[in-house]
Amino acid sequence: MLILFFIEAIFYLLLTIYLRSTRRESLEEEWDRRHPDRSGDSPERRVFVRRAMQGFQKTMRARLVGLVFILPTVAIVVIAWVVNVQ
């Protein structure tokens, strides 16, 4: 069980980094598309991205916990139970 938790934690960390990166990039592109005169790195753009990422981080964390920790653990328990019942 400890090895499974460790592997799940690694996947959780990697998925978090990847999803945050792609979301941040899309927000930066959205800012540039909405404000073509102020495209590029600016304080307003950083504030926009930071505020949008706060809401995204909350929803992403809940989804990833279910996807990475709960779903595989439940699947393993169900498989072990089905195999042992037969």
Self-check item: Pair list, Cβ under 9 Å, 6 or more apart: the range 38-63 residue of a type in the set (S, T, Y), other residue surrounded by 11 or more Cβ atoms within 10 Å (Cβ to Cβ)
Solution: S39/W31; S39/D32; S39/R45; S42/W31; S42/H35
Practice problem: Collect the residues in the range 32-50 that are more than 18 Å from S21 (Cα to Cα) and of a type in the set (D, E, K, R), keeping them in residue-number order. | Solution: R33, R34, D37, R38, E44
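Where a number appears in this text, it was derived from the coordinates with a stated rule and is not lab data. Since this is a predicted model, take the numbers as computed values, not measurements. Positions of Cβ are generated from backbone atoms using ideal geometry, with glycine treated the same way; all protein chains shown enter the neighbour counts.
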